[in-house]
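Just below is one structure, and these are the notes that go with it.
The values are calculated or read from the model by the stated rules, or taken from the named source; none is laboratory data. Remember, it's a predicted structure, so these values are computed and weren't measured experimentally. Counting neighbours? That spans all protein chains shown, and the Cβs are built from the backbone with ideal geometry, glycine included. Remember, those area values only see protein heavy atoms, side chains included, never the ligands or the DNA or RNA. Shrake-Rupley method; radii C 1.70, N 1.55, O 1.52, S 1.80 Å.
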Amino acid sequence: MSERRVVISVDMEGICGVSSWVQVSPPEFGGLVSGTEYERARTQMTLEAAAAAQGALDAGATDVLVNDSHDTMRNLLADLLPDGVRFTSGNDKPLSMVQGVQEAGVVGLLFVGYHARAGSVRGPLAHTWNGFVRDVRINGVSTGEYGLNALLAGHYGVPVLFASGDDVAMGEISAELGGQVVTVAVKEGLSAFAAAHLHPREATRRIHEGARQAVQNAAQAQPHTTRWPAAVQLSLNHQARADAAERVPGVTRVDGVTVGWESENAYHLFQTFRMLAKVAEVRLDG
């Protein structure tokens, strides 16, 4: 039997029961955090990843890699994952949230715990990458982490098969990536910091079934792409951040808070975005 490998990218903001930054902030950094709430959220994050992994295995996947994709990327409680599943840990990964899609034999990418893009109305904890990216536009189309990750996976010929998270994010993913992506909404966004949630066990049940269905139909899915070369614009929340980003070779200033560049492929696009997001981490107090 040929290999049918699957990668699961699991974030935390879209997990059932989560609606506050307090719940998703590792307490090691201090500030407005709660160790108790974080532990609950990371447990549910792991259970939802485990449900997707078991669904993929039930559909015939021969290997499942769960890629911890939230914050420090050291959140998973690995002993709650199904036996035989591999996982990543650590945030300095070459492909970040989709590490593993470059491996031979990968037939699909699954998103678990995903959230809406920055600025989305009713999207709980909606953001893109960090707190100061306001918008990312690729060939004029606004996208979020889901779009960036889908394009990078597509660079390696890997389609997105499944996504779970809040209903706003699921709508955005369906609109951008198409009906081939099986989506499961585990909560309904009420505002930036409120949601109506499924029971956690119902959420994992639906994720398991959705992932099983998605992987079962993987042969019909197509990798996500766009028009190349792609024109990319990145809008930030302060002109000082754009000042810093503009100094990167190949990057031009579009307006007070926006920079732009052109990418020949998704790998260049993703790594340029990632670099600019880091360069823009400047002090705003002079």
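Do we find that Ser9 is under 19 Å from Leu190 (Cα atoms), among the polar types (S, T, N, Q), open to solvent by less than 40 Å² (accessible area, probe 1.4 Å) and in contact with a strand residue (DSSP E or B) (Cβ under 9 Å, 6 or more places away or on another chain) in this structure?
Answer is no for this residue.
Residues that are farther than 15 Å from Arg5 by Cβ and hydroxyl-bearing (Ser, Thr, Tyr) within segment 79-108 comprise Ser89, Ser96, listed in sequence order. The residues in segment 19-69 that are within 18 Å of the chain's Cα centre (by Cα) and hydrophobic (A, V, I, L, M, F, W, C) can be counted, and the count is 13. Residue count for segment 28-46 under the criterion of being among the small types (Gly, Ala, Ser) and not in a helix (DSSP H, G or I): the result is 3.
Tell me, which helices (runs of 4 or more DSSP H) wholly within segment 193-286 include 3 or more residues that are aliphatic (A, V, I, L, M) and under 30 Å from Gly55 (Cα atoms)? Break it down into steps so the answer makes sense when it comes.
Details: elements: 200-216, 239-246, 266-279.
Result: 200-216.
Only strands (runs of 3 or more DSSP E) whose full extent lies in segment 47-160 are considered here, and the ones with at least 1 residues that are touching a residue at least 60 places away in the same chain (Cβ under 8 Å), of a type in the set (Asp, Glu) and in contact with a strand residue (DSSP E or B) (Cβ under 7 Å, 6 or more places away or on another chain) are 63-68, 133-138. Annotation note: of Thr204, Thr225, the sole residue that is in contact (Cβ under 8 Å) with a residue 60 or more places away in the chain, within 20 Å of the chain's Cα centre (by Cα) and crowded, with 17+ Cβ neighbours inside 10 Å is Thr204.
Only one of the numbered conditions (1) in contact with a Lys or Arg (Cβ under 7 Å, 6 or more places away or on another chain); (2) more than 18 Å from Leu110 (Cβ to Cβ) is violated by Phe273, and that is (1). Applying the condition of being of a type in the set (Gly, Ala, Ser) and out of contact with any helix residue (DSSP H, G or I) (no Cβ under 7 Å at 6 or more places or on another chain) to segment 211-222 and asking which residue is surrounded by the fewest Cβ atoms within 10 Å (Cβ to Cβ) yields Ala219. Of the set (1) under 13 Å from Ser9 (Cα atoms); (2) open to solvent by less than 20 Å² (accessible area, probe 1.4 Å); (3) of a type in the set (Ser, Thr, Tyr), all apply to Tyr38 but (1).
Does Thr72 qualify as being surrounded by fewer than 16 Cβ atoms within 10 Å (Cβ to Cβ) and under 24 Å from Glu281 (Cα atoms)?
yes
Within segment 145-195, if we keep just the residues that are touching a helix residue (DSSP H, G or I) at 6+ places or on another chain (Cβ under 9 Å), among the small types (Gly, Ala, Ser) and more than 19 Å from Ser263 (Cα to Cα), the residue that is surrounded by the fewest Cβ atoms within 10 Å (Cβ to Cβ) turns out to be Ala185.
Residue-wise test of (1) buried (at least 24 other Cβ atoms within 10 Å of the Cβ); (2) at pLDDT 95 or above; (3) of a type outside the set (S, T, N, Q).
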{"site": "Glu13", "(1), (2), (3)": "yes, yes, yes"}
{"site": "Cys16", "(1), (2), (3)": "yes, yes, yes"}
{"site": "Gly30", "(1), (2), (3)": "no, no, yes"}
{"site": "Phe87", "(1), (2), (3)": "no, yes, yes"}
{"site": "Asn91", "(1), (2), (3)": "no, no, no"}
{"site": "Ser96", "(1), (2), (3)": "no, yes, no"}
{"site": "Glu103", "(1), (2), (3)": "no, yes, yes"}
{"site": "Leu110", "(1), (2), (3)": "yes, yes, yes"}
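Residues in segment 108-128 include at least one that is of a type in the set (Val, Ile, Thr) and in contact with a Ser or Thr (Cβ under 6 Å, 6 or more places away or on another chain).
Just one of Ala51, Ala59 is touching a His at 6+ places or on another chain (Cβ under 6 Å), among the hydrophobic types (A, V, I, L, M, F, W, C) and within 17 Å of Gly210 (Cα to Cα); which is it?
Residue meeting the stated conditions: Ala51.
Return a yes/no flag: does segment 68-85 have any residue that is on the phi > 0 side of the Ramachandran plot and not charged (D, E, K, R). Yes, because at least one residue in segment 68-85 is on the phi > 0 side of the Ramachandran plot and not charged (D, E, K, R).
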